[in-house]
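What follows is calculated from the coordinates using simple rules that are stated; it is not laboratory data. Since the structure is predicted, the reported quantities are computational estimates derived from the model, not experimental observations. Ideal geometry is used to build each Cβ from the backbone, glycine not excepted, and the neighbour counts take in all protein chains shown.
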Amino acid sequence: MASLAPAIEETIAPAGIAARSYAQQLAEKITARTARIGVVGLGYVGLPLAVEFAQAGFQVTGIDIGEEKVARVNAGDSYILDVPGDVLRGLVEDGRLRASADFSVVSELDTVNICVPTPLRKTKDPDMSYIDSACREIARRLHPGMLVILESTTYPGTTDEFVLPMLESTGLRIGRDFFLCFSPERVDPGNPRFQTINIPKVVGGITPTCTELGALLYSQALQTVAPVTCTRVAEMVKLLENTFRMINIGLVNEMALMCDRMGIDVWEVIDAAATKPFGFMPFYPGPGLGGHCIPIDPFYLSWKTRQAGIEARFIELAGYINGQMPIFVVGKVQNALNDRSKPVRGSRIHVVGIAYKRDIDDLRESPALDVMHLLNKHGASLSYTDPHIPRVAVDGLNLVSQPIEAAAAADCVVIITDHSGIDYRRLLECASLIVDTRNALKGFRSEKIVRL
Ligand SMILES: NC(=O)c1ccc[n+]([C@@H]2O[C@H](COP(=O)([O-])OP(=O)(O)OC[C@H]3O[C@@H](n4cnc5c(N)ncnc54)[C@H](O)[C@@H]3O)[C@@H](O)[C@H]2O)c1
């Protein structure tokens, strides 16, 4: 029988024979890789995780309410750029990975990782409905010896205040009959260097035994595991990381606004500052925040701290500055056209890159949508190029991605996302005027270029 670390043997001993037995049994299954693993939510986070567990030799079941995703996984057809189609197909054909829209499979599982969305409501309050419904389904099938790990980004306290009572309402006892952890997901879609397998995994449990089992599970499939003492620390880790990024981007965006006013090249300033080998880390300005994490997660924290009577002022300020950037970009376009005696109204504007960041196909919260909406409102006629997003609807306009040469017909091009697959030399040849919000044309000198 696999034995748990001595510290855990001690901590679980007071819980009695049953605790020892369920934890021990699960630890044994995990190390033997016979534990049946479930991943709830097969999106950008869940599918790569399910694939890593399956590649480590586990039998994995993905559960998603989206019938189309379930069908595509079962057909070995990947819809996530970071999951190669042949890898997924191989795992499905070998019977290591399957997907289902039916939660009844949870009864057969030993562990479940929850990777469902955590958006904000319009009021910037957390929308807990996805976690709520996934946990309710799991609670209905919770059985002794089961480990549940929440991975969705959320406010500190979610696991012990929100999830734990639902699972304990079954009559099963935490740390004795079942185990619960939080482990923040740090995936960076499109990052060629860091993927699920080599991004260190922080995990914190409700009890020390929970932490130990969570760490044991991840260590079978991922290279580095960093256990922490409790779920609240693990929840806060993610919010610190993303708040750090959001505030630093807000700071550098404010620098960009200042430099613009003073006629200083902010890009050159940052590059020169980055030559300092200590105490400085470069962040870059841009057209605004996008994606499912950086613009959203810090507001989970400010919502929670408000309840504790603390205003998260850095977050609110950075949120304000970052939120102004699409308006600033549209102003840049207006000024650039005015300098050529053209109003925005009636001008043809071609947007290059509309995904929320480089080399991904994700449009969620993309600042390109805000910029396009504002330009459309000002009467511009729009087109775009994005090798990763074949079509988009903006204000009821259905647009299809054009070849980069479409820039030749535009009065102004705006680079919003600097995908590496775009031929910027060709773009510069074709376009008559380019507003570059990402310094994608670094190294090129031309009267046509207006940098942020
Ligand atoms: N995408 C990222 O880069 C990233 C990075 C770190 C953390 N996160 C966090 O991870 C979580 C998941 O994000 P994502 O980007 O993978 O989202 P996603 O939208 O790509 O995937 C979520 C999946 O969950 C499914 N789902 C929704 N409700 C469900 C339910 N009740 N039961 C089963 N399936 C359900 C959806 O159909 C969808 O396929 C979020 O909390 C997000 O903030 C995301």
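Give me log10 I(q)/I(0) at q = 0.14, 0.18, 0.24 Å⁻¹ for segment 21-77, Debye formula, one equal scatterer per alpha-carbon, no solvent. Those come out to -0.42, -0.63, -0.91, one per q. When the Debye formula is applied to the Cα atoms of segment 66-172, each taken as the same point scatterer, what base-10 log of I(q)/I(0) results at q = 0.11, 0.17 Å⁻¹? Log10 of I(q)/I(0), two decimals: -0.44, -0.94.
With all pairs of different C-alpha atoms in the average, the Kirkwood value for the hydrodynamic radius of the chain is 23.8 Å. Scanning the chain for GluC sites (Glu not before Pro) lying in DSSP loops with no more than 14 further Cβ atoms inside 10 Å, the longest uninterrupted stretch between such sites is 1-310. An ellipsoid equivalent to segment 184-311, defined through the eigenvalues of its Cα gyration tensor, has semi-axes of 34, 20, 12 Å when rounded to whole angstrom and sorted largest first. Mean residue ellipticity, 222 nm, helices only, the chain: the sum of -39500 (n - 2.57) across DSSP H runs of n ≥ 4, divided by residue count and rounded to 500, is -12500 deg cm²/dmol. Quick one: if the Förster radius is 45 Å, what FRET efficiency do Arg425 and Ile264 give, using the C-beta to C-beta distance and rounding to 0.05? Here the calculated transfer efficiency is 0.95. Remark: spin-label model distance Phe194-Arg121 equals 3.3 nm, labels positioned 7 Å along the Cα→Cβ axis.
Which loop chymotrypsin sites (Phe, Trp or Tyr not before Pro) in segment 92-188, with loop taken from DSSP, have no more than 14 other Cβ atoms within 10 angstrom of their Cβ?
Answer by residue number: there is no such site.
Normalised by 2.2 N^0.38 Å, where N is the number of residues, the alpha-carbon radius of gyration of segment 183-246 equals 1.13. Remark: C-alpha extents of segment 363-452 on the principal axes read 37, 26, 23 Å, sorted largest to smallest. Looking only at segment 96-188, where both bridge partners belong to it, what percent of the DSSP beta bridges are antiparallel (to the nearest 5)? About 10 percent, rounded to the nearest 5. Using Cα-Cα distances under 8 Å and only pairs 6 or more residues apart, what relative contact order does segment 135-248 have, in percent? Here the relative contact order equals 28 percent.
Annotation note: chymotrypsin sites (Phe, Trp or Tyr not before Pro) in segment 271-331 located in DSSP loop regions with a Cβ neighbour count of at most 15 within 10 Å are Phe278, Phe280.
Of the DSSP H helices in the chain, those with a Cα length along their own long axis of 20 Å or more and a mean Kyte-Doolittle hydropathy reaching -1.0 comprise 17-32, 208-221, 231-262, 313-338.
Expressed to the nearest 5 percent, the antiparallel share of DSSP beta bridges inside segment 112-261 is 20 percent. Annotation: the antiparallel percentage among DSSP beta bridges lying fully within segment 311-452 is about 20. May I ask you to work out the translational diffusion coefficient for segment 387-439 at 20 °C, viscosity 1.002 mPa s, via Stokes-Einstein with Rh from the Kirkwood sum over Cα pairs, reported in whole µm²/s? D = 179 µm²/s.
With equal scatterers on the alpha carbons only and no solvent term, can you work out the Debye log10 of I(q)/I(0) for segment 281-380 at 0.13 1/Å? The Cα Debye sum returns log10 ratios of -0.57. Based on the convex hull around the alpha carbon atoms, segment 103-233 presents an average projected area of 8.4 nm².
Largest first and in whole Å, the equivalent-ellipsoid semi-axes of segment 132-209 read 26, 13, 11, each the square root of five times a Cα gyration tensor eigenvalue.
Measuring spread by the Cα atoms of segment 312-354 yields a radius of gyration and Dmax of 14.3, 44 Å.
Spin-label model, Leu81/Arg173: points 7 Å from Cα along the beta carbon direction are separated by 5.0 nm.
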